[in-house]
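Participant: Right, I'll just put the structure down here and ask away after.
The values are calculated or read from the model by the stated rules, or taken from the named source; none is laboratory data. Here the structure is a predicted model, which means the values were calculated and not measured. Cβ placement follows ideal geometry from the backbone for every residue including glycine, while neighbour counts extend to all protein chains displayed. We work out accessible area using only protein heavy atoms, side chains counted, and drop any ligands, DNA or RNA first. Shrake-Rupley method; radii C 1.70, N 1.55, O 1.52, S 1.80 Å.
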Amino acid sequence: MQENQIKTHSEQETMQLAEKLAVLLKPGDVITLEGDLGAGKTTLTKGIARGLGVTRTVNSPTFTIIKEYVGELPLYHMDVYRLEDSDEDIGFSEYFNGEGISIVEWAQFIEDFLPPEHLNINITYLDEHSRLLAFTPKGTHFELVVDQLIG
Ligand code: ADP
Ligand code: MG
């Protein structure tokens with residue numbers, strides 16, 4: 001298997017990996033998630049939320065685009081699917097430059113607004129219970145994070 005890729009075999013395993021990732025994050029970090037509907041983007045976000053100590057239930061923000069949660073660090077959960085083919089800036093930089101952790105589902109749709117340093121995770125559906133997670137860190141901080149997570 002290629003470097004920076006990891007296979008999970010259940011929703012629980014993806015959640016646990018995400019919890020481990022959460023602990024390595026710092027204020028202002030941006031995680032971008034790509035992968036088809038049902039790949040596991042929201043599941044991964046739920047795991048990060050749990051790792052950040054968010055107690056409220058995390059649901060897909062498809063219709064609201066952004067939801068904020070209180071944890072040890074604030075969590076800004078975005079699903080920008082509805083912004084495909086639009087250049088609309090809904091104030092991304094305030095989130096990306098904020099003190100919280102930003103997680104963006106369908107991040108490829110807002111590529112122009114993403115900060116240069118971020119961690120991209122691409123999730124591929126393998127079978128009903130298995131997913132391939134490919135990590136692409138941009139910047140030295142995220143390279144270290146990925147090393148510590150799966151290196
Ligand atoms: P997305 O946000 O990418 O549309 P969701 O996280 O909402 O995807 O849904 C993923 C679905 O796949 C959930 O029903 C989850 O239980 C299921 N699933 C099965 N195996 C896995 C796995 N290994 N990792 C993540 N989710 C999985
Ligand atoms: Mg989702």
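Participant: Taking region 11-79, which chymotrypsin sites (Phe, Trp or Tyr not before Pro) meet the DSSP loop condition and have no more than 10 other C-beta atoms within 10 Å?
Facilitator: Those that pass, being in a loop and sparsely packed, are PHE63.
Participant: Let's see if you can work this out: charge +1 on each Lys and Arg Cβ, -1 on each Asp and Glu Cβ, no other charges. What is the dipole magnitude of the chain about its Cα centre, in debye to the nearest 20?
Facilitator: Dipole size: approximately 620 debye.
Participant: Evaluate the distance, in nm, between pseudo-label points positioned 7 Å from the Cα of TYR125 and of LEU144 along their respective Cα→Cβ axes.
Facilitator: Each label point is offset 7 Å from its Cα along the Cβ direction, giving 3.8 nm.
Participant: When only DSSP loop residues count, what GluC sites (Glu not before Pro) in region 67-107 have their Cβ near at most 14 other Cβ atoms within 10 Å?
Facilitator: Passing both the DSSP loop test and the Cβ count: GLU72, GLU84, GLU88, GLU99.
Participant: Right, next: Taking the simple approach of a point 7 Å from Cα along Cα-to-Cβ for both ILE90 and ASP36, what is their distance in nm?
Facilitator: 2.5
Participant: Given the alpha-carbon gyration tensor of the chain, what are the semi-axes of its equivalent ellipsoid in whole angstrom, ordered largest first, with each equal to the square root of 5 times an eigenvalue?
Facilitator: Listed largest to smallest, the semi-axes of the chain are 21, 17, 16 Å.
Participant: What part of the accessible area of the chain, given as a whole %, is carbon or sulfur when the probe is 1.4 angstrom?
Facilitator: Carbon with sulfur: 46 percent of the solvent-accessible area.
Participant: Now a separate question. Normalised by the residues of the chain, what does the relative contact order come to in percent, with Cα pairs under 8 Å and at least six apart?
Facilitator: Value for the chain: 33 percent.
Participant: By the scheme Lys and Arg +1, Asp and Glu -1, what is the net charge of all other residues having a beta-carbon under 12 Å from that of HIS129?
Facilitator: Charge balance in the 12 Å sphere: -2.
Participant: Which value, in Å², gives the accessible area per residue of region 4-146 when a 1.4 Å probe is used on the protein heavy atoms?
Facilitator: So region 4-146 comes to 50 Å² accessible per residue, rounded to a whole number.
Participant: May I pose another question? Give me the one-decimal nm value for the distance between modelled label points at VAL70 and ASP112, 7 Å along each residue's Cα-to-Cβ direction.
Facilitator: Placing both labels 7 Å beyond Cα along the Cβ direction yields 3.7 nm.
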